[in-house]
């Protein structure tokens, strides 16, 4: 549909060569490659984390101390009556 025309790519490469020079191109390529790798890794990790959180079943809440004390107190009161 709206593809990148080959002339734009050539023009971009010429501008990059003029700005950075041919000596730094491998260094820049390596930096871009590392950045893309880290971005993909972070995206994959985030996707896996969200997917596992969505699929995990929530655990029932454990009884708290106040609930346990309250039930024993009410049992003691009912036994005294």
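The values are calculated or read from the model by the stated rules, or taken from the named source; none is laboratory data. Being a predicted model, the structure only gives us computed values, none of them experimental. Reconstructed Cβ throughout: ideal geometry from the backbone, glycine too, with neighbour counts over all protein chains shown.
Would segment 60-67 turn up any residue that is surrounded by 10 or more Cβ atoms within 10 Å (Cβ to Cβ), part of a helix (DSSP H, G or I) and modelled with pLDDT of 90 or more?
Looking for residues that are surrounded by 10 or more Cβ atoms within 10 Å (Cβ to Cβ), part of a helix (DSSP H, G or I) and modelled with pLDDT of 90 or more, one finds none in segment 60-67, hence no.
Yes/no matrix, rows are residues, columns are (1) at pLDDT 95 or above; (2) surrounded by 10 or more Cβ atoms within 10 Å (Cβ to Cβ); (3) in a helix (DSSP H, G or I):
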{"site": "2", "(1), (2), (3)": "no, no, no"}
{"site": "17", "(1), (2), (3)": "no, yes, yes"}
{"site": "23", "(1), (2), (3)": "no, no, no"}
{"site": "26", "(1), (2), (3)": "no, no, yes"}
{"site": "42", "(1), (2), (3)": "yes, yes, yes"}
{"site": "45", "(1), (2), (3)": "yes, yes, yes"}
